[in-house]
Amino acid sequence: MDNFLFPRFWELPELTELNRLPMRATLSPYKTVAQAQAGNPGKSPWVQSLDGQWEFRYFNSPSEVPSADLAPDVGGNWSAITVPGNWTMQGWDKPHYTNVIMPFENTPPQVPANANPTGLYRTRFSLPEGWSGRRTVIELGGAESCICVYLNGVFIGMSKDCRLPAAFDLTPHLKEAENLLAVVCIRYSDGSYVEDQDQWWMAGLYRSVRLYSTASVYIEDIFARGEAGADGKAATLRVNTSINFTTEPDADLRPAEPRRSHTVEVQLCDAAGIPVFKTLPSVSISDSYRKQYYQGEIVVPVKRPSLWSDECPNLYTLVVTLRTPDGKAVEHTSCRVGFRRVEVKDRELLLNGQPVYIKGVNRHDHDPDQGKTVPREKMLEEIRLLKQFNFNAVRTSHYPNDPMWLDLCDEYGILIVDEANIESHANYSSLCRDPRWRKPFLERVQRMVLRDKNHPSVIAWSLGNESGYGVNHDLAADWVRSYDNSRVLHNEGAVKMAWKQSHNCYDQGGERSNDMHNPMYPAIDQLVAFAQQTPKMPGYDNRRPFIMCEYSHAMGNSCGCLKDYWDAIYAHPGLQGGFIWDWIEQGIRKTDARTGREFMAYGGDYGDEPNDVNFCCNGMIMPDRTIKPQMHEFKKIAQPVWITAGDLATGKINIFNANFFRPMDWLEGAWTVEVDGRRVQQGNLPAMKLAPQSGTTVKLPLQQPVMRAGEEAYLRISFKTRGKEPWGGKGHEVAHEQFLLPFAGEEALPSAAAVAKSRGAAAVDQDGALLRLGGSGVDAMIDEQTGAICTVRLNGQAVLTAGPTFNLWRGPLDNDGVKGKADQWKAKWKPLGRWMLAGYDALTPNVENVERKVVGKDIVLTSRVSYACGKGDGRFEVENGYRFTAAGLILCDHSFQFADGMPDVPRLGVMLTVAEGYEQLDWFGRGPFESYADRKYAADFGRYGGTVADQYFPYIVPQENGNKEDVTWFSLRNAAKQGIQFQSRGSLFNVSAQHFTPADLTGAYHTYDVPQRPETTVLLDARQRGLGTASCGPDTLEKYRILPGSYRLRYAMIPLTGRAPKRFSL
């Protein structure tokens, strides 16, 4: 490689390619119309895949690659490697994660001279039958980050831009016999400086490689647009076709003779394969370049086509045929077309005239086992999850995703903001205005548009991410607007006032490259302030809507306040949604050598320095496509049916079809009434054919249920799929709502005391530290020096082995502070830092008072304890009260107080330890999944159960998890159905039950660090702080924080012996 024509060409941003063919749409040549209509390249005789096992050699730098290794007769020892695939996932080199910082010294365009891993790939092929004498092209779908291609020892070409295909004409250097193809892949290049994209730095040929064959005259490209009219009825099919020649056409004619013409004709077929045109539209293209530049346009009206939308993704198949002057078909190709209209006006993004909400996520191509190589079946799994959880949009962060992904989005109905392969985060303010980088900026945008232009799912082109805003963006925007006026432009950097990544402006400005106000992580009050702007305000923008390109950073246990965002969006015109950051956690599957346990690795786990630890793990789904609990919250918020209460006493509810295009006849509704978790009534809703954006009122035949005083009756409305959908089966729940009914019972609840008295009544007896609670079988050990309960036994068997003791700590969330970043343990701008600086992690108790007294047959133990913070003069004043009753109940009362000026706290409550064996957990409250103060909208009230082990959610970095909000009671029982129940004596409480402690979570950096203790730690809280999104975004709202003041937690411990837990009278 030292003898290359351009020394260190991988450090020349002006040099983006050599001999690379112009980008075109994702097209394949076919021999017949039927093949083209079927659209399966694997069945085409003119396409050959080169995927599979290749030969491979690894080098530390490009300069180490011997030129002799590129020659066809070189033997030696070669390893086998799978293509497509990253070599960093196949035993060579290592993945490296950074967010902003470069993985090497930031001196653009230079990259490491002696530590720039380079791979040499080789494979052999022979031309298939019938290819001889034709044009043969190689297409490499994606290679990170710079490649040189050789055929039979001859240099063919070079390409940068690692997220888009590179194609080269191999024809002049082909052999009739076996051919040797070699590809040199260089890990880092000048292109890396605009590929600094908050993801794993990988390397290798990670997308498919194929050959395709054309005749000497061939279809070079197609731009097909289904243009829906403003009325939604009339439409136009516009097809621009480019052809080209490998040799001069009409060479047999004299110069003055008229040139011949080739013909391009098209047919459009609907989803059933039925042709639309009786007479094929066509256009003649002169063999003289100067006449039409080898281009021809067909414009033909289409009457009342079925329009494409995210709700109704109606597709047509376009078959394009190229014919010679004598009418012979030389090539057929095809693509899918959707008729739709995209525009921005009056502060709305309109799809087919409707202001659809953008219910989106940002998506990286990622697989925990294959890195950037994502199999189609994994993509399909993601599509189904998106649709099942009511998402409708994806921003392809921060590069064009695999074209297979766009095919699936076309088919299933996902709106796409297609993002160019540009992010210069470490050089945010410079490269966007540097003339040396003008060509990479412009070319990467052009190539994205040219590849993806035929996808109806693509509604916007993004000029990149976190690359500032400069003239290089505007030049790219100018080209896009001149080439494709059927979509809008996205450029987040254009909302910045200054060069730096700082203040956003939501007024006029930046329109040259940006058709929306699209900030990252705005606070909710910023959304509302935009919506409340008036035309009289300076710079008022009456055209562009507010659509967040990133919000609700989903790192770890997150997405707090998501409903608050959407309450604002639904309430204010001009606010149209956004894209959650992000979709899939970028963990890599690995096995811990010490424990043998599998875990998901993140930055630093491969010795990759520098790194940004687990900042790559911020998805709505886990790397293996397991859903995270916050998915349920978004599904509820985004559901396409809005159900509100009418007069519930008379059974009236309001139903609104929130879809913009699809009637509601694909859904069927049902209702149930439950009293404290017991189903007492149910029925089906009448069939509904509500038109989009219309509603009705339904009266249900509700009856006063049989219930006891204090019990709660809940009405639940559910809408499920009537039949099978492409993305899910019949009976999938799409929407639901729950209402507390205004019913009450009169008959008294069963007495908790009566249950406990089954062994006879007596007074509480004290023998030293031991209290025997009458004849209930309950005894407790107490500490009269501290006023604490040490243990509780039931029928001689330990139930509680410790507690309750005051607890304010939780295993830090990523939103509290990223544990792997040392500065966040002491940063005042992070909750974790404030707590550590205040000494909340090291409280010292001081028992100020303990009193014991006999009240009737009971004994009451009270204490006042002051907890001094480990730093500063902050303290928590805690009062505990326990009433031990002869009936076996322990009535608990805790008061907490802390003073103004102290930081808000993670939680306020008590921690208890339940003995081994009490594994069955039941509760009445919100569920069945975890819930938090600012993320509980989707969690219905009901009776739920499971094992303690099942309550753990394995966030990639262990942190607080498994909380249950608004709980009335919960119980823990053993296999003999014996155990203990905790029931509220006033306000509802929070609870979690796990086989580890908050301290265990605090010290754990991977899932294998979390101990699985035999006992159960119960955290019983008056309140727990909300989740927020402060790992990269706003903290939870003040109403979800625990601010200085007074709080109270009151509950009863109830012994259970053979009876099911339930609400009792206390």
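Where a number appears in this text, it was derived from the coordinates with a stated rule and is not lab data. Please read these numbers as outputs of a predicted model, since none were measured by experiment. Here the Cβ positions follow ideal geometry from the backbone for every residue, glycine too, while neighbour counts run over all protein chains shown.
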Handout entry: Angle between the chain longest axis and helix 403-412 axis [Cα atoms, degrees, rounded to 10]
Key = 60 degrees
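How much net charge surrounds Phe579 when only other residues with a Cβ under 13 Å from its Cβ are counted (Lys, Arg +1; Asp, Glu -1)? Could the numbers behind the result be given before it?
Working: positive: Lys359, Arg363, Arg395; negative: Asp418, Glu419, Glu492, Glu550, Asp582.
Result for the neighbourhood of Phe579: -2.
Taking the Cβ of Arg512 as the centre, find all other residues whose Cβ is under 13 Å away and add up their charges (Lys, Arg: +1; Asp, Glu: -1).
Details: positive: Arg481, Arg544; negative: Asp474, Asp478, Glu511, Asp515.
The answer is -2.
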Practice task
Sticking with the crude label model, points 7 Å out along Cα→Cβ, report the distance from Glu257 to Met497 in nm, one decimal please.
Solution key: 7.1 nm
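Sum up the charges of everything whose Cβ sits under 14 Å from the Cβ of Tyr1008, counting Lys and Arg as +1 and Asp and Glu as -1, but leave Tyr1008 out. Intermediate results must be reported in sequence, preceding the final value.
Values: positive: Arg589, Lys590, Arg594, Arg597; negative: Asp592, Glu598, Asp605, Asp1000, Asp1009.
Combined, the nearby Lys, Arg, Asp and Glu give -1.
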Practice task
Of the listed values [x] 247; [y] 201; [z] 189, grab the one calculated as volume of the Cα convex hull per residue in Å³ from the structure here.
Solution key: [z]
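So what's the projected area for segment 708-810, the Cα convex hull averaged over all directions, in nm²?
For segment 708-810, averaging the hull's shadow over all directions gives 13.3 nm².
How fast does segment 229-310 diffuse by Stokes-Einstein, in µm²/s, taking the Kirkwood radius from C-alpha pairs at 10 °C and 1.306 mPa s? If you can, show how the numbers build up before the last one.
Values: Rh = 15.2 Å.
Once the numbers are plugged in, D ends up at 104 µm²/s.
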Exercise for the section: Jot down the per residue volume, in cubic angstrom and as a whole number, of the convex hull over the alpha-carbon atoms of segment 642-740. Expected result: 93 Å³
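Go ahead and run the numbers for FRET between Lys1039 and Ala762, Cβ-Cβ distance against an R0 of 45 Å, rounding to 0.05. Let's see the in-between values first.
Numbers: r = 48 Å, r/R0 = 1.06.
The formula returns an efficiency of 0.40 here.
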Exercise for the section: Please grab the % of Cα pairs in segment 9-214 that end up more than 23 Å from each other. Expected result: 45 percent
Practice task
Measure nothing but the geometry: give the 0 to 90° angle between the long axis through the Cα atoms of 562-571 and the longest principal axis through the Cα atoms of the chain, rounded to 10°.
Solution key: 70 degrees
Completion exercise
Rounded to the nearest whole number, the Stokes-Einstein translational diffusion coefficient of segment 752-1057 at 20 °C and 1.002 mPa s (Kirkwood radius, C-alpha pairs) in µm²/s is 108 µm²/s
Practice task
Just flag the chymotrypsin sites (Phe, Trp or Tyr not before Pro) in segment 249-316 sitting in loop per DSSP whose Cβ has no more than 12 other Cβ atoms within 10 Å.
Solution key: Tyr293
Handout entry: Sequence ranges 668-676, 74-82, 1014-1022, 53-61, ranked by mean other-Cβ count within 10 angstrom, highest first
Key = 1014-1022, 668-676, 53-61, 74-82
Fill in the blank from the handout: Taking every DSSP bridge whose two residues both lie in the chain, the antiparallel percent to the nearest 5 is 90 percent
Exercise for the section: Determine the shape class of segment 168-217: with a ≥ b ≥ c the square roots of the Cα gyration tensor eigenvalues, call it rounded for a/c under 1.5, and otherwise prolate if a/b is greater than b/c, oblate otherwise. Expected result: prolate
Exercise for the section: Be a star and scan segment 965-988 for residues whose amide nitrogen sits under 15 Å from the point 7 Å along the Cα-to-Cβ vector of Thr947. Expected result: 973-976
Handout entry: Computed FRET value (nearest 0.05) for Ser306 with Glu105, which takes r as the C-beta separation and R₀ as 45 Å
Key = 0.20
Practice task
Find the relative contact order for the chain and round it to a whole percent, using C-alpha pairs within less than 8 Å whose residues are 6+ positions apart.
Solution key: 8 percent
Problem - Long-range tail of P(r) for segment 657-697 (Cα pairs > 16 Å, %) - result: 47 percent
Practice task
Give the angle, between 0 and 90 degrees and rounded to the nearest 10, that separates the Cα long axis of helix 438-452 from the longest principal axis of the Cα atoms of the chain.
Solution key: 90 degrees
Exercise for the section: Give the cross-link partners of Lys590 among the aspartates and glutamates, using a straight C-alpha distance below 20 Å as the criterion and excluding same-chain residues fewer than 8 apart. Expected result: Asp93, Asp365, Asp367, Asp369, Glu598, Asp605, Asp608, Glu609, Asp612, Asp624, Asp1009
